[in-house]
Amino acid sequence: VTGWLPVNQILNLSKLANFDSVTPVFKPITNVGTYPTDADPVIHADTFRTANGVDGTGVKVGVISDSANKVGGGLAASDGNVAPGVQVLADDPLAGPTDEGRAMLEIVHHIAPGASEAFNTGDGPGASGIADAINALGAAGARVITDDLTGPDEPMFNDGLAAQAAENAVNSGIFYTTSAG
């Protein structure tokens, strides 16, 4: 069970019947880097698009990060660097958004300019926030999903909620990538 508790109530937990232990839920860490806006030549996406006559049209790409529409004018300030009408399913409910998701949407748009885009925050109650985002984007029709999050409370030696959701997405035909933070 995951829940939120005011800090001033922590000492009252031991008074609850059947209470055993509590583990803190950490905010996911974004793996932020510096990316050139002209990523095409680096990964040869421009050559691939030209040789194959594709630009992402007909594909929805889902992005998971902390936020996409909270800082400095949000998506409206992207000046055509994101797909028109980005579908924002949920944006950062926690403090301190960075709009790293908007930067990711911009990179996706430069590489696959014909693709539609969707965003869902991965910030939420621990690994279930990332898992919920994966499931929501899949349900919204994303055929490609990418994230830049590391859940500090994800298990190290077995698949946690986020890994299970990613595996389920892949098993349903979604192409899934994540950053190596």
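The values are calculated or read from the model by the stated rules, or taken from the named source; none is laboratory data. Note that this is a predicted model, so its numbers are computed, not measured. No Cβ is skipped: glycine too gets one built from the backbone with ideal geometry, and neighbour counts run over all protein chains shown. For the accessible areas, the whole protein counts, side chains as well, though only heavy atoms, and no ligand, DNA or RNA atoms are used. Shrake-Rupley method; radii C 1.70, N 1.55, O 1.52, S 1.80 Å.
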Build a GNM of the chain with springs between Cα atoms under 10 Å: which of ALA39, ALA115, ALA83 gets the top mean-square fluctuation?
ALA39
Of ALA166, ALA127, ALA139, the one that fluctuates the most in a GNM where the chain has Cα springs shorter than 10 Å
ALA139
Dipole of the chain [Lys/Arg +1, Asp/Glu -1 at C-beta], most positive-end residue of GLY141, GLY96, VAL71
GLY141
Give me the Å³ per residue figure for the convex hull around the C-alpha atoms of segment 78-152.
92
Dimensionless Rg ratio for segment 41-111, taking C-alpha atoms and the 2.2 N^0.38 Å reference:
1.23
For q values of 0.15, 0.22, 0.24, 0.27 Å⁻¹, compute log₁₀ I(q)/I(0) with the Debye formula on a Cα-only model of segment 110-181, without solvent.
-0.47, -0.98, -1.14, -1.38
Rounded to whole Å², per residue accessible area for segment 1-153 with a 1.4 Å probe reads 54
Positive-end extreme of charge dipole, the chain - chosen from ALA83, PHE26, GLY3 (charges on Cβ)
GLY3
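Please give the net charge around LEU75, taking every other residue with its beta carbon less than 11 angstrom from that of LEU75, where Lys and Arg add +1 and Asp and Glu add -1.
Once all neighbours under 11 Å are counted, the net charge is -3.
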Under a GNM of the chain (C-alpha, springs under 10 Å), which listed residue has the highest mean-square fluctuation: GLY53, GLY124, GLY160?
GLY53
For the chain, evaluate the Debye formula with one uniform point scatterer on each Cα (no solvent term) and list log10 I(q)/I(0) at q = 0.13 Å⁻¹, rounded to two decimals.
-0.69
On the formula 1/(1 + (r/R0)^6), with r taken between the Cβ atoms of THR50 and ASP159 and R0 of 45 Å, the FRET efficiency rounded to 0.05 is 0.70
Per-residue ellipticity at 222 nm attributable to helices in the chain (runs of n ≥ 4 DSSP H, -39500 (n - 2.57) apiece, nearest 500 deg cm²/dmol) works out to -7500 deg cm²/dmol
Nearest-20 debye value, segment 43-166 charge dipole, Cβ charges on Lys, Arg, Asp, Glu
440
